[in-house]
Every structure is written in C-alpha cells, then in structure tokens.
Amino acid sequence: MSASGKGIVITLSLLIVIGSGCKSSVDEGRDPANKSNAKTASAKPDEQGIIHSGAGEEKEKPAAGKANVQGKVFYNQKPAADIEVKLCEKFSRYVGGCGGQIFTAKTDAGGEYLIKNVPPGIYEGLTAKVFETPYYVFATSGIVASAKYEIKADETFFAPDSNLFKSDLKLVSPKAGAKLGASNIEVKWESYPDAAYYKFSIHPDSSSGADTNYDYINKRVDGTSYVLDKPLAAGTYRCAVTAYNGNDIKLAESPSDIKFTVTGGGK
C-alpha cells in the first residue's frame, strides 16, 4: 500500500533527553516470549548505517521481484495494536520527514505488521507512530537517529522491534515559567506506572547565559525527586524527565517545553 505523508519524528536528540532513550526506538532486554519473529540478526546498523534483515517466519510470501517488511511494535514489552507503521524511501530528520515512495501498514492485535510488495532497494526510514500523537519512533537499535534498511527482492525483511513510549509523565517542579534561586532547586515528578527508575536532564538556553551542568544530563534517580546539589548559572533552562521499566525500556517522558529561569546564579 502506497501513500504519502509527513510526521514529526523523535530522534535520539530527544531520546538523549530521555536518556532515550530516546536511546533509539528499540531497547535491549525485552521478553523473548514477546518476539514471535525470533530474529537472529543484529538490529544495529553496519558501518554504512544500514540495517540488514533479521530471521523469522514469514507471514506471507512477497510477489515476484518485490519484498515484504515484517515487524512488531511494543509498549512496555506488550504488543501495541492498531499502530501506523511507515516505510519511507527517503527520510529527512530536519525537513519533511518521510518522503519519496511511502508504504504503510497497521499493527494487529499481536502488535505485528506486514508491509506487502515493496520494490527492493535501500530505504531511509521505518517508523511507528506514537499512539495518538504526531510523533514517530524509528525501528532501530542502539543508535541516536534513523538508519537505512536494505530490502531485497523476493525476501521478507524482518525489522527490529519498535518500542513506543508516552508523553504524559507529569513534572511537578520546577513549574513552567518559574523563577528560582540558583541553589537547592528540586526536580520532582509524579510516580509513573511500572517505572523502575527515572532520568532527568536540565538543558540550558545558552543565549540566556545559562550553562550546561553535565551532572544533570541523563541523571538517574530511583525515586521521584532530586535536589540539585550544585547551583545553576543565571539563565533559562528546560527540564525533562523520562521513566524506564526494569528492563531499561523507556515508558514515558515529560513535556519537552517546560522552561524555568534561574536568577542570581552561581558557578
């Protein structure tokens, strides 16, 4: 099925805020019982950034000279049904997103999808929509951004699993627009279902004079709050928190636009 469309894609610049986590869209350590495709090949790209097919059981043979793409989408290690998946001939992280020929499918009740009768070649994007949002994640593993996918004629390409996450983690403090002193700033959030730990990041707006403190980038916290033990320089910052389950798979993130201002400041 061919279609055209564009979307907002979550890359690991965001996943790095998440600790990624937004690592990439695929995380290690999921339950093998959920992996009906029984992939045996690495989901990581080679030196040219190309992901090659894993191994598995074909749902359906492709038409002569064409290829099928088969994979699975999870949320919290459980199959995610009715999720839109796109195979993109071209992909731009910065302008337009998915482009060229676009082939789409939706996951079934078991979280599996099958994109049928694709022309062979190198494709630049394989994305899964993040529930009812404009965002997508890549079907990749262990990298920061998108990869390319080698699709061969008369074969089924077994794609890496995609792990979705939600954007409904609630940050309690600092509140958006807050003006705070430089010291003893508390980052606090609500407990998230099935979360084993969290990571938070404090990102500076360098144009405001704010500085990066790398102790507060992807800082792991086992509870739901952390008091910064070093003062922040005066300026504007953005705070983000992400939740992970016990297998290090990203579950949720806080909104990405929560900004606060530090007055006074320190070093």
Among the candidates Lys219, Lys267, residue that is at pLDDT 95 or above, open to solvent by 50 Å² or more (accessible area, probe 1.4 Å) and farther than 24 Å from Pro134 by Cα: Lys219
Enumeration of residues in the stretch 224-267 that are in contact (Cβ under 8 Å) with a residue 60 or more places away in the chain and of a type in the set (A, V, I, L, M, F, W, C): Cys239, Ala240, Val241, Ala243, Ile249, Leu251, Ala252, Ile258, Phe260, Val262
Residue pairs meeting the criteria (Cβ under 8 Å; at least 6 apart or on separate chains; first in contact (Cβ under 8 Å) with a residue 60 or more places away in the chain, in the stretch 46-57; second surrounded by 11 or more Cβ atoms within 10 Å (Cβ to Cβ) and of a type in the set (Asp, Glu)): Ile50/Glu150; Ile51/Glu150; His52/Asp46; His52/Glu150; Ser53/Glu150; Ser53/Glu155
Within the stretch 194-207, considering residues that are closer than 14 Å to Phe260 by Cα and in contact (Cβ under 8 Å) with a residue 40 or more places away in the chain, the one surrounded by the most Cβ atoms within 10 Å (Cβ to Cβ): Ser201
Selected residue [touching a Lys or Arg at 6+ places or on another chain (Cβ under 9 Å), surrounded by 14 or more Cβ atoms within 10 Å (Cβ to Cβ), within 21 Å of Glu47 (Cα to Cα) and not aromatic (Phe, Trp, Tyr)] from Pro174, Pro160: Pro160
Residues being open to solvent by 40 Å² or more (accessible area, probe 1.4 Å), among the aliphatic types (A, V, I, L, M) and part of a strand (DSSP E or B) - total across the stretch 78-132: 1
Residue match in the stretch 150-158 (condition: assigned to a loop (DSSP other than H, G, I, E, B), in contact (Cβ under 8 Å) with a residue 40 or more places away in the chain and of a type in the set (Asp, Glu)): yes
Residue in the stretch 142-158 that is in contact with a Phe, Trp or Tyr (Cβ under 9 Å, 6 or more places away or on another chain), farther than 30 Å from Leu228 by Cα and of a type in the set (Ser, Thr, Tyr) present: yes
Residue count for the stretch 130-170, restricted to those that are modelled with pLDDT of 85 or more, closer than 27 Å to Lys61 by Cβ and among the aliphatic types (A, V, I, L, M): 3
Check on Ala243, surrounded by 14 or more Cβ atoms within 10 Å (Cβ to Cβ), among the small types (Gly, Ala, Ser), out of contact with any helix residue (DSSP H, G or I) (no Cβ under 6 Å at 6 or more places or on another chain) and more than 30 Å from Phe131 (Cβ to Cβ): no
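The values are calculated or read from the model by the stated rules, or taken from the named source; none is laboratory data. Predicted, not measured: the structure shown is a model, and the values here were computed from it. Cβ sites come from the backbone with ideal geometry, for glycine too, and all protein chains shown count toward neighbours. These accessible areas exclude ligands, DNA and RNA; they are computed on the full protein's heavy atoms, side chains included. Shrake-Rupley method; radii C 1.70, N 1.55, O 1.52, S 1.80 Å.
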